[in-house]
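The block underneath contains the structure these notes are about, expressed in C-alpha cells.
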Amino acid sequence: MSIKTVLLSITLMGSTLPGSVVQADVLATQGVPAAVTAVTLRFCYEDKQLLPYYAGNSAAIPEQPGATIEHLRRATAAAGLTLELVRMPWLRCLQQLEDNSVDALVAAYDKDRAHFTRYPTRPDGTADPGRAINQLGLCLAYRFDNNLAEKISSQSAITVSRPLGYRPIPFPANTLLVPVHSAEQALELVVSGRVDATTVLCQLNGVNAQEQHINRIPVLLLYPPLYQSDGYLMLSQDFYQQHTQHAERLWQTLPATLDKNRYLQYLDYPFY
C-alpha cells in the first residue's frame, strides 16, 4: 500500500467517525425517557381522633397516626404516589375536596357528594365495595341503666347525639338527633344521661370490635349494627382527570395492602 493510500484512508476515517459518534449519542438519548414528575396525593382528614382510623386531637400528625393513615402510606407507595397529609375539621375537608384544594378523603358513598367526587365503580356505575378502603358497622351506645331496646321496640321518642358533618344514616322511628362537635362529646352526653345514645364503631372489616375505652365507661352496645357501610377513598374531580391511571392503580392497591390486624390493634390506642 502506498503512502498516498494510507493518508487517504486516515482522511476518510477522520471525516466519518465524528458523525458516527454523534449519531450513536442521539439514538441512545432517544431511548431514555424524560424525568417523570412525582405525583402527590394531598389527603385530608379530620383533626379529631377517630379510632382506629385516625389518632390524635390536633392538626399534628402523631408518630402512630392511625390505621387508615398507615394503610394509605402502604398503598400510595405501592402505587407510585407521594402522600401528603392535611388535618382540618371534617366539613372543611369536604369543602376543600369540592373546591379541588385537596385531592382525597375517606368517606362512605353519598349521592349528594357524587357530583364532586370520584370513587371506584363497577361497570354499571355503582360503587365497588371490592375496592373500598375499609368496612364498618355502627351500633347505638347507651348508658347501662337506660332501657333503650324497650324504647325502640315501643317506638318511644329517643335522643341520639352525633357529630356535625357525619353522613345521615337510618335511625329508629321517633329519633331526635342532637348535633355535637366530636365523638367524645357525643359519648359524654350519653354517660351524663342527657341523651339516650350515640353511634359508635362496633364492627370492623367484618369482625365485631370496639374501642377499648368503651369498656371503661358505663355504656353498652346494642347489636346487631344499626348501620353498615364501606369506606371509599374519594378523589377530587381534578386529581382523577389529571392522574386517572394513578387513581385506578391506587384503588386496586387498597384491598391488597389492607392489614385487618392493624386496624384492630389501634382500638387499644390511648383515647386521651
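The values are calculated or read from the model by the stated rules, or taken from the named source; none is laboratory data. These figures come from a predicted structure and were not determined experimentally. Cβ sites come from the backbone with ideal geometry, for glycine too, and all protein chains shown count toward neighbours.
Tell me the residue from THR11, THR29, THR68, THR5 that is polar (S, T, N, Q), modelled with pLDDT of 90 or more, out of contact with any helix residue (DSSP H, G or I) (no Cβ under 7 Å at 6 or more places or on another chain) and in a helix (DSSP H, G or I), please. Talk me through it step by step, then tell me what you get.
Working: THR11 fails: modelled with pLDDT of 90 or more; THR29 fails: modelled with pLDDT of 90 or more; THR5 fails: modelled with pLDDT of 90 or more.
Testing whether each residue is polar (S, T, N, Q), modelled with pLDDT of 90 or more, out of contact with any helix residue (DSSP H, G or I) (no Cβ under 7 Å at 6 or more places or on another chain) and in a helix (DSSP H, G or I) leaves just THR68.
Which pairs do you get when a residue that is surrounded by 17 or more Cβ atoms within 10 Å (Cβ to Cβ), found in segment 103-118, comes within reach of a residue that is assigned to a loop (DSSP other than H, G, I, E, B) and among the aliphatic types (A, V, I, L, M), reach meaning Cβ atoms under 6 angstrom, with the pair 6+ apart or on two chains?
VAL106/ILE133
Tell me whether segment 163-176 contains one or more residues that are outside the structural domain of ARG249 (by TED's automatic domain parsing) and among the hydroxyl-bearing types (Ser, Thr, Tyr). Steps first, answer last, please.
Kept after step one, since they are outside the structural domain of ARG249 (by TED's automatic domain parsing), are these residues of segment 163-176: 163-176.
From what is left, the residues that are among the hydroxyl-bearing types (Ser, Thr, Tyr) are 166, 175.
Yes, the conditions are met somewhere in segment 163-176.
Going through ALA157, ALA127 one at a time, which residue ends up being in contact (Cβ under 8 Å) with a residue 12 or more places away in the chain, surrounded by fewer than 20 Cβ atoms within 10 Å (Cβ to Cβ), under 27 Å from GLN210 (Cα atoms) and outside the structural domain of GLY206 (by TED's automatic domain parsing)?
Values: ALA157 fails: outside the structural domain of GLY206 (by TED's automatic domain parsing).
Just a single option satisfies the conditions, and that option is ALA127.
Considering only segment 51-63, state which residues are surrounded by 14 or more Cβ atoms within 10 Å (Cβ to Cβ) and out of contact with any Pro (no Cβ under 9 Å at 6 or more places or on another chain). Please lay out each step first, then the result.
Narrowing segment 51-63 to residues surrounded by 14 or more Cβ atoms within 10 Å (Cβ to Cβ): 51-57, 61-62.
Scanning segment 51-63 gives LEU51, PRO52, TYR53, ASN57, ILE61, PRO62.
Only residues that are over 21 Å from ASN57 (Cα atoms) and assigned to a helix (DSSP H, G or I): list them for segment 75-125, please. Lay out the reasoning, then the answer.
Initial filter on segment 75-125 (over 21 Å from ASN57 (Cα atoms)): 75-82, 97-101, 103, 108-125.
Within segment 75-125, ALA75, THR76, ALA77, ALA78, LEU97, GLU98 qualify.
Residue by residue through segment 235-266, note down the ones that are touching a helix residue (DSSP H, G or I) at 6+ places or on another chain (Cβ under 8 Å) and over 15 Å from HIS71 (Cβ atoms). Break it down into steps so the answer makes sense when it comes.
Taking segment 235-266 first, the residues touching a helix residue (DSSP H, G or I) at 6+ places or on another chain (Cβ under 8 Å) are 235-236, 239-240, 247, 250-259, 262-263, 265-266.
Answer for segment 235-266, where residues must be touching a helix residue (DSSP H, G or I) at 6+ places or on another chain (Cβ under 8 Å) and over 15 Å from HIS71 (Cβ atoms): LEU235, SER236, PHE239, TYR240, ALA247.
For PRO52, are the conditions met, namely being part of a loop (DSSP other than H, G, I, E, B), closer than 24 Å to THR199 by Cα and in contact with a Leu (Cβ under 6 Å, 6 or more places away or on another chain)?
Yes.
Please specify each residue of segment 130-152 satisfying the condition of being in contact with a helix residue (DSSP H, G or I) (Cβ under 9 Å, 6 or more places away or on another chain), in a loop (DSSP other than H, G, I, E, B) and either among the acidic types (Asp, Glu) or in contact (Cβ under 8 Å) with a residue 60 or more places away in the chain (or both). Full working, then the answer.
Going residue by residue through segment 130-152, those that are in contact with a helix residue (DSSP H, G or I) (Cβ under 9 Å, 6 or more places away or on another chain) are 130-135, 140-143, 146.
Then drop every residue that is not in a loop (DSSP other than H, G, I, E, B), which leaves 132-133, 146.
Passing the criteria: ALA132, ILE133.
Among what's in segment 195-221 and is among the charged types (D, E, K, R) and touching a helix residue (DSSP H, G or I) at 6+ places or on another chain (Cβ under 9 Å), pick the residue that is farthest from PRO170 (Cα to Cα).
The first filter runs over segment 195-221 and keeps only residues among the charged types (D, E, K, R), leaving 196, 211, 216.
Going one step further and asking which of them are touching a helix residue (DSSP H, G or I) at 6+ places or on another chain (Cβ under 9 Å), we end up with 196, 211.
Numbers: ASP196: 16, GLU211: 23 Å.
Within segment 195-221, the match that is farthest from PRO170 (Cα to Cα) is GLU211.
Grab the strands (runs of 3 or more DSSP E) fully contained in segment 153-272, keeping just those with 1 or more residues being farther than 21 Å from ARG143 by Cβ.
Working: elements: 158-163, 175-180, 197-204, 219-236.
Result: 197-204, 219-236.
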